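Everything on this sheet refers to the single structure shown next.
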Amino acid sequence: MSIIRLNSFAEGRWFAGQGDGAILASAIDGTPVAEITSKGLEPGAMLAYARRKGGPALRALTFHQRANMLKALAQALNARKEELYALSYLTGATKADSWVDIDGGIGTLFVYASKAKRELPNETFLIDGAVENLSKSGSFLGQHVYVPREGVACQINAFNFPVWGMLEKLGPSLLAGLPVIAKPASATAWLAEKAARIIIESGVLPEGTFQFIAGSTGDLLEHLTSQDSVAFTGSLATSTTLQAHPNILKNAVPFTAERDSLNCSILGPDAAPGSAEFDLFVKEVAKEMCVKAGQKCTAIRRIIVPESRMEAVSAALAKRLAGVTIGDPRLETTRMGPLASLAQRADVRSQIARLAADCEVVSGDPDGRIAGAEDGAYLAPVLLTARNSRSAERPHDTEAFGPVATLLGYADLEDAIGIARKGDGSLAGSLITADTEVARQVIFGAGAFHGRMLVLNAECAAESTGHGSPMPHLVHGGPGRAGGGEELGGMRAVKHQMQRVAVQGSPAMLTALTKSYIKGAPEPETGEHPFRIPFDGLEPGMSFHSKERVVTLDDIEHFAHFTGDTFYAHMDEEAVKGHPFFPGRVAHGYLLLSFAAGLFVEPARGPVLANYGLDNLRFLKPVSPGEAIRVRLTVKSKSPRNEAYGEVRWDVEIMTGTGETAATYELLTMNAYREAA
Ligand code: NAP
């Protein structure tokens with residue numbers, strides 16, 4: 001195979017770098033695969049280009065349009081993923097490892113596309129939380145909104161997941177409206193470069209929204225402003241250096257760090273040898289040590305087990321690890337391939353030597369060779385045990401980024417929690433137990449030190465995604481040593497990359513700005529019932545005010561017997577005496593809702609296709625027999641669903657005859673567009 005000259009993609013064209021580059025070798029046998037250099041690249045010009053071209057193009061799109069773009073990107077990558085698999089083996093990844101990286105990365109884009117369509121409005125900004133009333137009469141209010149930042153998301157990735165690492169950052173940034181400059185770790189950059197080529201060749205992304213640096217970032221950080229951001233994944237040492245860059249500090253450039261993590265897995269005291277949970281634990285720990293040859297930021301590094309079970313766990317793990325087939329990752333029979341490079345193996349060996357100050361090797365030979373594969377970066381799994389679990393420090397401060405983990409014994413649960421917390425902040429922790437009280441103590445005792453925690457037992461094992469798999473729906477990141485960052489986590493990842501602004505003003509002004517009706521804002525004249533207006537014609541504030549209806553005792557009795565809801569507060573004047581809320585018998589809340597529907601409905605067939613629920617229902621004042629009610633129905637906001645119809649959110653207020661608010665809620669309907677109505 002000829003050596004691939006890796007290119008950067010800058011200012012709309014591929015750039016090969018000047019002069020000789022560093023040679024990158026295959027993890028399998030050390031043969032040269034690629035050459036990399038970014039010499040001659042101008043990061044400052046790349047940033048300016050992204051700000052000039054990519055940013056405005058993305059910000060002009062709504063969240064739904066950006067989501068459609070992500071979906072198309074995922075489809076384009078999916079269609080060409082075999083090209084990625086072919087290059088992935090050379091990084092040492094088996095087919096299963098590559099699946100996590102490649103299909104996992106593409107899947108993350110798909111999830112983001114579909115969640116964004118469902119959970120974000122078809123707008124370019126987001127409303128955050130409820131309106132805050134800041135005045136006596138309600139004429140001055142506050143509303144938080146998220147708006148896109150006007151900079152560039154600079155994303156620096158680790159070597160272990162060249163595709164997933166790039167895509168999991170790219171998706172949320174593009175959704176947030178930020179153009180991206182992605183920089184993969186050099187060691188496995190040939191795979192990331194191929195993914196970048198597929199992205200560019202797909203033509204899906206607007207010009208200037210995606211650039212790629214193969215090699216050093218040069219003086220990139222010098223040019224960052226407060227509108228830009230850095231999302232870094234890699235070692236603690238590099239992250240600390242970058243985060244302390246004077247320009248990052250001076251401009252308060254948002255910096256997210258995902259770095260190393262001494263993740264733990266705890267065996268519950270209830271999980272005795274022979275139990276389903278004990279077997280699950282051994283399987284999960286061994287799997288985490290071997291997937292991606294342990295080069296996973298979430299891999300289990302600290303195995304915390306009851307002292308009385310140390311021998312049993314150690315023997316079971318050693319047996320299982322001895323059965324792992326190590327070899328050429330291209331072979332179907334191989335369970336674990338080599339590390340990503342010889343340099344990486346040398347680093348892992350030096351970390352094992354450091355761990356040896358407090359630990360002994362239980363199984364695996366750190367210096368062992370795999371027969372017939374001497375030129376590859378192979379390393380058999382190494383299981384260590386702490387000589388003294390109480391005083392050992394190394395397992396809590398040393399990350400051997402390979403198939404290496406240390407056993408630590410605990411006396412009781414408090415001790416186990418204390419050991420877990422000594423990791424000083426982890427990405428992922430797991431607890432294997434069937435005992436809910438054990439789980440309660442561990443999760444709330446160690447939760448503050450983790451980004452994600454898995455409670456695994458026989459009930460969920462078959463469908464569990466496992467200790468080490470970050471899910472796009474859930475937070476990835478962790479406090480302290482893990483970097484203090486937060487990526488993924490569904491739409492949280494999008495919001496993290498937007499600017500939250502507290503906007504203050506009148507109801508009319510805030511309604512106009514947010515396109516979401518706030519009580520007190522003007523109600524545009526319609527001349528007809530808003531139920532008769534198709535989706536495209538509706539505007540926030542359009543209202544219908546019903547006539548009054550008196551709620552009688554007969555109505556209450558009838559409703560009670562008809563539905564079976566004969567709760568005493570509706571039926572028994574004597575029983576309700578002295579009640580803290582009710583002056584006497586009162587109408588059912590559901591009766592009020594039903595009457596409200598009867599008061600505001602426009603019964604003839606029209607644009608309203610269906611009522612599909614209500615949100616935020618509150619009964620605020622009881623209605624007594626003989627009292628009148630009336631309803632205000634106002635368009636709050638709307639969000640298209642497809643070409644035929646969209647969702648309308650209605651602000652509904654049920655008032656008493658004297659104008660007091662008896663109930664409020666938001667009604668949701670699906671409404672047809674004009675052509676479809
Ligand atoms: P690394 O050596 O710190 O490198 C990480 C990235 O930083 C690479 O892209 C590297 O580029 C770049 N970099 C290094 N020096 C730089 C500088 N001065 N300016 C700009 N960029 C610079 O880490 P790694 O060896 O690739 O990754 C292994 C580590 O990452 C482990 O500690 C692991 O736990 C951690 N990790 C964490 C997560 C997570 O989500 N928390 C995920 C995966 C890995 P070059 O390669 O070109 O030097």
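The HN-Hα couplings worked out from phi for the stretch 280-285 by the Karplus form 6.51 cos²θ - 1.76 cosθ + 1.60 (θ = phi - 60°) are 4, 4, 4, 5, 5, 5 Hz, whole numbers, x standing for Gly and Pro.
222 nm [θ] for the chain, helices only, -39500 (n - 2.57) per DSSP H run of 4+, per residue, to 500? Before the final figure, lay out each step's value.
Values: 20 runs with 198 residues, N = 677.
Mean residue ellipticity at 222 nm (helix-derived): -8500 deg cm²/dmol.
Could you give the length gained by full extension between ALA318 and SER275, i.e. 0.36 nm per residue of separation minus their alpha carbon distance, to one decimal place?
Numbers: separation 43, 0.36 × 43 = 15.48 nm, distance 1.84 nm.
Residue separation times 0.36 nm, minus the Cα-Cα distance, leaves 13.6 nm.
In order along the stretch 624-636, phi translates into HN-Hα couplings of 8, x, x, 7, 9, 10, 9, 10, 10, 10, 10, 5, 8 Hz, rounded to whole numbers, per the Karplus curve 6.51 cos²θ - 1.76 cosθ + 1.60 with θ = phi - 60° and x for Gly and Pro. In whole percent, and with a 1.4 Å probe on the protein chains, what portion of the accessible area of the stretch 523-672 is carbon and sulfur? Roughly 53 percent, rounded to a whole number. When the residues TRP14, TRP190, TRP164, TRP99 are ordered by accessible surface, computed with a 1.4 Å probe over the protein chains alone, the sequence from largest down reads TRP99, TRP14, TRP164, TRP190. DSSP beta bridges confined to the chain are antiparallel in about 60 percent of cases.
Given +1 at the Cβ of Lys and Arg, -1 at the Cβ of Asp and Glu and no other charges, the dipole of the chain around its Cα centre is 1300 debye to the nearest 20.
What does the accessible area per residue of the stretch 277-340 come to in Å², with a 1.4 Å probe and no ligands, DNA or RNA counted? Write down the numbers at each step before the final one.
Numbers: 2380 Å² over 64 residues.
That works out to 37 Å² per residue.
Applied to the stretch 371-386, the Karplus parametrisation 6.51 cos²θ - 1.76 cosθ + 1.60 on θ = phi - 60° returns per-residue 3J(HN,Hα) values of 4, x, 10, 4, 8, x, 8, 7, 8, 6, x, 10, 9, 10, 9, 6 Hz, with x for Gly and Pro.
Treating cross-link reach as a plain straight distance, find the lysines whose alpha-carbon is under 27 Å from the alpha-carbon of LYS638, omitting any fewer than eight places away in the same chain. Partners found: LYS71, LYS115, LYS117, LYS495, LYS515, LYS519, LYS547.
Only Cα pairs under 8 Å and 6+ residues apart enter the sum, and on that basis the relative contact order of the chain stands at 12 percent. Proximity of backbone amide H atoms, modeled 1.01 Å from N, is registered between VAL362 and LEU383, LEU384, THR385 at under 5 Å, excluding neighbours fewer than 5 places apart on the same chain. Once the Cα-Cα distance is subtracted from the 0.36 nm per residue extended length, the ASN78 to ARG549 segment shows a gain of 163.6 nm. The stretch 223-289 and the stretch 295-362 have Cα centres separated by 18 Å. The Cα center of the stretch 180-217 and the Cα center of the stretch 624-667 differ in position by 49 Å.
If the limit is 28 Å between Cα atoms, which of LYS577/LYS621; LYS39/LYS292; LYS194/LYS422 go over it? The partial results should precede the final answer.
Numbers: LYS577/LYS621 17 Å; LYS39/LYS292 31 Å; LYS194/LYS422 40 Å.
The answer is LYS39/LYS292; LYS194/LYS422.
Summary of the geometry: the stretch 384-413 and the stretch 118-158, compared by the centres of their Cα atoms, lie 44 Å apart.
The values are calculated or read from the model by the stated rules, or taken from the named source; none is laboratory data. Just so it is clear, the structure is predicted and the values come from calculations on it, not from any experiment. A quick note on method: Cβ atoms are made from the backbone with ideal geometry, for glycine too, and the neighbour counts reach across all protein chains shown. The accessibility values were calculated without ligands, DNA or RNA, using every heavy atom of the protein model including side chains. Shrake-Rupley method; radii C 1.70, N 1.55, O 1.52, S 1.80 Å.
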